[in-house]
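Working notes, beginning with the structure itself.
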Amino acid sequence: DSGVTQTPKHLITATGQRVTLRCSPRSGDLSVYWYQQSLDQGLQFLIQYYNGEERAKGNILERFSAQQFPDLHSELNLSSLELGDSALYFCASSAAGMNTEAFFGQGTRLTVV
Amino acid sequence: ILNVEQSPQSLHVQEGDSTNFTCSFPSSNFYALHWYRWETAKSPEALFVMTLNGDEKKKGRISATLNTKEGYSYLYIKGSQPEDSATYLCAFSPNNAGNMLTFGGGTRLMVKP
C-alpha cells in the first residue's frame with residue numbers, strides 16, 4: 001500500500017458528461033501529480049500541484065482541470081468527455097523537494113461510452 | 001518534447017537468468033532519473049531515484065547505473081525470479097520542470113519458472 005488513495009476505482013460514463021476523480025496523497029506529501037495512461041501509451045504527465053499551487057503542466061487538455069485543496073487532497077475534473085478520454089488515471093504524491101520518489105495510487109479506470 | 005526510450009519492449013527469461021534493460025534519455029538539462037516497477041493490476045512502485053553521473057544503486061537483486069553524459073541508464077536483475085515479472089519503467093526529470101516525470105514506454109519482463 002503506497003498510502004495514496006484514489007476514488008473511484010472504476011467509472012463508466014457517457015460522452016459529453018463531466019466527472020471528478022479524487023486523490024488523497026500520502027500523509028505529509030505536499031506534491032500531487034496526475035498521469036494518464038491510454039491504451040498502448042505510456043504514462044503521460046498531466047499536471048502537478050505543490051501545496052495548493054499549480055507547479056507544472058504537461059499535455060493536459062483544456063477540457064481537463066485540477067486543483068489541490070488546503071487539506072492537500074486533489075481533484076481532477078474531466079468535462080465534455082470523449083471516447084478517447086477512456087484511460088487509467090493515476091495520482092501520485094511526493095514529499096517536498098526535488099528528486100524524491102513518487103508514490104502512486106491504484107488508479108481510476110475511466111470508460112467513456 | 002522529451003524522448004525517453006526503453007529497450008527491449010519485452011523480455012522473456014528463465015528463472016535464475018540475469019538480465020538487464022536500457023533507458024535512454026536527453027543528456028542535456030538532466031536532473032534525475034527514476035526507475036519504477038509496475039506489476040499487473042497494481043500501481044507503479046519506485047525502485048531508485050538517481051541524480052549523479054556514475055551513480056549506482058542497489059536493492060536486493062536489482063541494481064541500476066546512470067550515465068548522464070551519454071544519456072542512458074541500465075537496470076540489472078540478478079538471478080531472476082518469477083516474482084520479478086513486471087513492467088519496469090524509467091522516468092526522466094529535467095532541471096527546469098519541478099519534479100515532473102516523463103516516462104518511457106517500459107520493458108515488460110516475464111520470468112518463467
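The values are calculated or read from the model by the stated rules, or taken from the named source; none is laboratory data. Here the structure is a predicted model, which is why all the values come from computation and not from measurement. Cβ sites come from the backbone with ideal geometry, for glycine too, and all protein chains shown count toward neighbours. What goes into the accessible areas is simple: the full protein's heavy atoms, side chains included, and nothing from ligands, DNA or RNA. Shrake-Rupley method; radii C 1.70, N 1.55, O 1.52, S 1.80 Å.
Filtering A:60, A:47 for residues that are surrounded by 14 or more Cβ atoms within 10 Å (Cβ to Cβ), more than 10 Å from chain B (Cβ to nearest Cβ) and touching a strand residue (DSSP E or B) at 6+ places or on another chain (Cβ under 7 Å) leaves a single hit, A:60.
Yes/no per residue for (1) within 11 Å of chain B (Cβ to nearest Cβ); (2) in contact with a Pro (Cβ under 8 Å, 6 or more places away or on another chain); (3) surrounded by 15 or more Cβ atoms within 10 Å (Cβ to Cβ):
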site: A:11; (1), (2), (3): no, no, yes
site: A:14; (1), (2), (3): no, no, no
site: A:23; (1), (2), (3): no, no, yes
site: A:43; (1), (2), (3): yes, yes, yes
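Among the residues making up segment B:28-67, those that are within 13 Å of chain A (Cβ to nearest Cβ) and under 19 Å from residue B:2 (Cα atoms) are B:30, B:31, B:32, B:33, B:34, B:35, B:36, B:49, B:50, B:51, B:66. Residues that are more than 11 Å from the chain's Cα centre (by Cα) and more than 15 Å from residue A:101 (Cα to Cα) within segment B:59-68 comprise B:60, B:61, B:67, B:68, listed in sequence order. What do you reckon, is residue B:69 in a strand (DSSP E or B), open to solvent by 50 Å² or more (accessible area, probe 1.4 Å) and more than 19 Å from residue A:39 (Cα to Cα)? No; evaluated as a whole, the condition is false for this residue. Restricted to segment A:85-107, and to residues there that are farther than 18 Å from residue B:103 by Cβ and at pLDDT 95 or above, the residue that is most open to solvent (accessible area, probe 1.4 Å) is A:86. Residue B:17 passes every criterion in (1) modelled with pLDDT under 95; (2) open to solvent by 50 Å² or more (accessible area, probe 1.4 Å) apart from (1). Taking the listed residues B:47, B:89, the one that is at pLDDT 90 or above, open to solvent by less than 20 Å² (accessible area, probe 1.4 Å) and closer than 30 Å to residue A:51 by Cβ is B:89, with no other qualifying.
The rows are residues; the columns are (1) touching a Cys at 6+ places or on another chain (Cβ under 9 Å); (2) in a strand (DSSP E or B); (3) free of Cβ contacts under 8 Å to residues at least 60 places away in the same chain; (4) open to solvent by 80 Å² or more (accessible area, probe 1.4 Å).
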position: B:31; (1), (2), (3), (4): no, yes, no, no
position: B:42; (1), (2), (3), (4): no, no, yes, yes
position: B:52; (1), (2), (3), (4): no, no, yes, yes
position: B:57; (1), (2), (3), (4): no, yes, yes, no
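Results for (1) away from every other protein chain (no Cβ under 14 Å); (2) part of a strand (DSSP E or B); (3) among the basic types (Lys, Arg); (4) in contact (Cβ under 8 Å) with a residue 40 or more places away in the chain, shown as yes or no for each residue.
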residue: B:3; (1), (2), (3), (4): no, no, no, no
residue: B:6; (1), (2), (3), (4): no, yes, no, yes
residue: B:80; (1), (2), (3), (4): yes, no, no, yes
residue: B:83; (1), (2), (3), (4): yes, no, no, no
residue: B:89; (1), (2), (3), (4): no, yes, no, yes
